[in-house]
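The values are calculated or read from the model by the stated rules, or taken from the named source; none is laboratory data. These numbers come from a predicted model, not from an experiment. We place every Cβ from the backbone using ideal geometry, glycine too, and count neighbours over all the protein chains shown.
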Amino acid sequence: MTLTRRIAVYGVLSLIAIAFVLPFLILLTSSLKPANQPLHEFPPALVPLPPVLDWFIEAWTTIDFPIYLWNSLMLEVLTVPAYLLVSAFAGYALARFDFRGKQFIFYLIVSTMFLPGEVMLVPRFLVVSQLGMVDTFAGLVLPGLMSAFGIFLIRQAFEQLPSELFDAAKMDGCNHWQTFRQVALPQVRPTLATLAIFGFISVWNSFIWPLVVLSSEDKYPLALGLAYLKGTFGDDQRSMAAGTVMAALPVIVFFIAMQRHFVEGMKGSVKG
Amino acid sequence: MLFLTPALLLLAVFFLWPAATAVQLAFFEYDIVSDPVWVGLGNFQRMLDDPRFWTALRNSGLFLAAMLPILVCVPLLLAVLVNMPLRGIKVFRVMYYLPVVTSMVVVAIAWNYVFHQRGILNWLLTTLGVLDEPVQYLLEPGWAMPALVLVESWKSAGYYMMIYLAGLQSIPRDLYEAAEMDGAGPWQRLVWITTPLLRPYIAVIVVLAAMDAMQVFTSVFVMTQGGPQDATMTLGYYIYDEAFRRFDIGYANAMGIVLWLILVAFSMVSYRLTRGRMATT
C-alpha cells in the first residue's frame, strides 16, 4: 500500500472512530463541566474548564447510585457462575453422551433462540408471578440461566476435545463426574472465560426483564436505576451524566481488558 | 441424565410453560386481578379494529425497512476496513465495538446530549447548511424515528461488523491476489469476491438484524416513550404498554403471538432466499 493510500485509510478509520466515540465523550465532558459552563452551546465545547467532580459526588451521595451498583454486583455474583454451570453441564451431556432423544432435546434448546425475549415477556412474567417470584432476585436470575447460546458454544468446545482424553480417563478409573470435573472442564477454560464475559456484560446491561419483574426501587440494578433516575431526576443533566458515566465505565474498562476473548467468542458463535 | 437436569428444568419452567401460557391466554381476556374470561378470537379481531395496533405494526415495519439495509451494508464496509493489515487496527475494532457492550440505557442517555436543541448534531448540521434551524429531534414526529434508527444502528453496527470480520478472515488471501493480478480494483473485489463468499454470513445477519429491528424497545422506552404522537411506538413497546400499564394481559399476549409469527415467517423466508441463492452460485 502506498503512503498516501495508507494515510487516507487511517483518515477514514479515524473519522468513523470519532462517530462511535463522540457520544460517550460528550457524556463524559458533560459530567465534568463546572456549574458556570453551559452544557450545550454553539460551537460545542468539549473540554470542561476546569474539570470538576461535583456531579460525581452529587450522583453518589444524593441519589441511590450505590444501591443500584450493589444490586448489579449481587446479580452478577448470583447469575454468572450458575449460568456457566448450567451451560457446561448441558453442553457436556449433549457433546459426550449418547441417549435417546438427544437430537430432540438439542433442537428444543436451539429453538428457544426463536422465542425472543420480548415475545416471552408477558407470559414469562405470569409464570414468575405464579411461582411467587415477582420482585425477587430469584425471579430476576432464574429465567436467564438457560441460554441456547451458552449451551451451544460449550457443547462445541467439548466436542472438539480428542476422544483419547476420555479413553485415558476411563482407563484411570474416573467416573462420569470425575471425568467432567477433572479432565474435560479444565480443557474448555477459554470457552468458559468467553461465556463468563458475555454473561457479565449482559447481566450488567439487562434492562427489560428487571423492569418487568421488579417493583421496589431499592432492588433495581444499574441500567434500570438510571432509566428511573432519568424520569425523576431529568432536570439535573449534570448529575445524570455523572451517574451514567459511573454505570458505563466498569463495563467499558472490563471490555477493553478482555477484548481478545470477544473476538474468539464471536467467531465461535458464528461457526455454529 | 443428571447433567441435563438443570437446563431441562429451566427450559420447561421458563420457556415451555410460558409459551403454553401465551398461546392459551391469547384467547382470554385477563387483567391479573379477576379470573380469565374466554373470548375466542376476540383479541385478534380487536387488533384488526385497533388503530394503535396498526400504527405500532407500521412503525415496527418502518424500523425494519430502515435498519435492515443499514445493518447489512454498513458493518460489511466497516469489517473490510478493519480487516486491513495495518498497525493499530485492533484499536479501531475496539472503538467500533464499544457501543455494543454498553447498556442501551447509557447509549440513549448519551445520545440525548447529542440530540439536544443546542447539541453537537444541530451545531454540525446548521453549520454545514443542511438545516436552517436547530431541530428538537426527539420531539418532532417526523424526526423521532430516524433519530432512533440512527441510535439503534450505531449501537449494533459493531456487533455485525465482528460477524463479518470472522467471515472475511475465512476467505483465502490468494483469491484476492489472483483478482488483483487480473486487474480488479478494490470495489470490484468487494462486489465479486467478498460479497458472494460472505453469503452465509449475510444470511445470518439478515435474520439477526430483522429480529433486532422488530424488537426495538429500550431506546423507545428511555428516549421517547413511544411519542411524539405515537410516532415511535413499536410493536414491542405497545405490547409492554398494554400488559404492564393497562393490565390488558390477554390482548398483549395475542399481539405477542402475532409478533412472534411475523419474526418466524421473516426468518424462514429470508433464510430460504439467501440460502437458495447460494445454491445457484
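Counting the residues of the range B:122-145 that are assigned to a helix (DSSP H, G or I) and surrounded by fewer than 12 Cβ atoms within 10 Å (Cβ to Cβ) gives 2.
Pairs are defined by a Cβ separation below 7 Å, a sequence spacing of at least 6 or placement on different chains, a first member in the range B:236-262 that is within 19 Å of residue B:219 (Cα to Cα), and a second member that is outside any helix (DSSP H, G or I) and among the β-branched types (Val, Ile, Thr); the pairs so defined are B:236/B:216.
Note on the range A:1-46: among residues that are farther than 30 Å from residue B:85 by Cβ and at the interface with another protein chain (Cβ under 7 Å from one of its Cβ atoms), the one that is surrounded by the most Cβ atoms within 10 Å (Cβ to Cβ) is A:30. Just so you know, in the range B:1-27 the residues that are facing another protein chain (nearest Cβ under 7 Å) and aromatic (Phe, Trp, Tyr) include one that is farthest from the chain's Cα centre (by Cα), and it is B:3. Checked against (1) part of a helix (DSSP H, G or I); (2) in contact (Cβ under 8 Å) with a residue 60 or more places away in the chain; (3) closer than 24 Å to residue B:25 by Cα, residue B:163 meets all criteria but (3). Checked against (1) at the interface with chain B (Cβ under 8 Å from one of its Cβ atoms); (2) part of a loop (DSSP other than H, G, I, E, B), residue A:49 passes all but condition (1).
Might you let me know whether the range A:127-140 holds any residue that is crowded, with 22+ Cβ neighbours inside 10 Å, touching a Gly at 6+ places or on another chain (Cβ under 9 Å) and modelled with pLDDT of 90 or more? Yes; the residues of the range A:127-140 include at least one that is crowded, with 22+ Cβ neighbours inside 10 Å, touching a Gly at 6+ places or on another chain (Cβ under 9 Å) and modelled with pLDDT of 90 or more. Checking each residue in the range A:171-181 for being exposed (fewer than 10 other Cβ atoms within 10 Å of the Cβ) and either assigned to a helix (DSSP H, G or I) or in contact with an Asp or Glu (Cβ under 6 Å, 6 or more places away or on another chain) (or both) picks out only A:171. The single residue among A:168, A:184, A:157 that is farther than 17 Å from residue A:95 by Cα and either among the hydrophobic types (A, V, I, L, M, F, W, C) or crowded, with 18+ Cβ neighbours inside 10 Å (or both) turns out to be A:168. Consider the range B:71-106 and keep the residues that are among the hydroxyl-bearing types (Ser, Thr, Tyr) and without any contact (Cβ under 8 Å) to a residue 60 or more places away in the chain. The one that is farthest from the other protein chains (Cβ to nearest Cβ) is B:102.
Here residue B:160 fulfils each of the conditions (1) surrounded by fewer than 20 Cβ atoms within 10 Å (Cβ to Cβ); (2) under 28 Å from residue B:272 (Cβ atoms) apart from (1).
For the range B:107-119, the set of residues classified as at the interface with another protein chain (Cβ under 7 Å from one of its Cβ atoms) and of a type in the set (Phe, Trp, Tyr) consists of B:111, B:113, listed by residue number. Among the residues of the range B:28-46, those identified as surrounded by fewer than 18 Cβ atoms within 10 Å (Cβ to Cβ), away from every other protein chain (no Cβ under 14 Å) and aliphatic (A, V, I, L, M) are B:37, B:41. Determine whether the range A:13-28 contains at least one residue that is free of Cβ contacts under 8 Å to residues at least 12 places away in the same chain, of a type in the set (S, T, N, Q) and part of a loop (DSSP other than H, G, I, E, B). No, the range A:13-28 has no match at all.
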